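Let me begin by presenting the structure, written as structure tokens, before commenting on it.
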Amino acid sequence: MKAIFVQIKCELSKAFDVAAYLIDNVLETAEVYSTSGTYDLLAKFELPEEKSVGDFVIRTLQVVPGVKDTNSIVAFKFQWNPTVSAEFEPRPEKLVRPSK
């Protein structure tokens, strides 16, 4: 599965209708939030690896009644492994404070 986040601008007074439609009709919908600012909604979708993000946004989201505009963000899940030390970032235990 791959996660994408989509900011959605809705027609005036349609944000709740769009959110309800996404939850009820779009199987890939994982979460939907109402937001302030330029966009009205922020939604997380979980797509199968083989599914095209562009196709999903254009053919599934942009045709939802009340959707005016979208901004898509492809997300990459961060995997933290505390045993692996990144070469570019020293670990606290490797930092030595200068003596006074």
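Points to keep in mind about this one:
- Over all other residues within a Cβ to Cβ distance under 13 Å of residue 18, the charged ones net out to -2, with Lys and Arg as +1 and Asp and Glu as -1.
- The local environment of residue 71, defined by Cβ-Cβ distances under 14 Å, has a net charge of +1 under the rule Lys, Arg +1 and Asp, Glu -1.
- Neighbour net charge for residue 47 - beta-carbon separation under 12 angstrom, K R +1, D E -1: -2
- Segments 47-55, 28-36 sorted - mean Cβ within 10 Å per residue, highest first: 28-36, 47-55
- Put a dot 7 Å past the Cα of residue 2, heading toward its Cβ, do the same for residue 75, and the two dots end up 1.5 nm apart.
- Packing-based ranking, highest mean first, of 59-68, 2-11 given that Cβ atoms within 10 Å are counted: 2-11, 59-68
Where a number appears in this text, it was derived from the coordinates with a stated rule and is not lab data. Because the structure is a prediction, the values reported are computed rather than measured. Ideal geometry is used to build each Cβ from the backbone, glycine not excepted, and the neighbour counts take in all protein chains shown.
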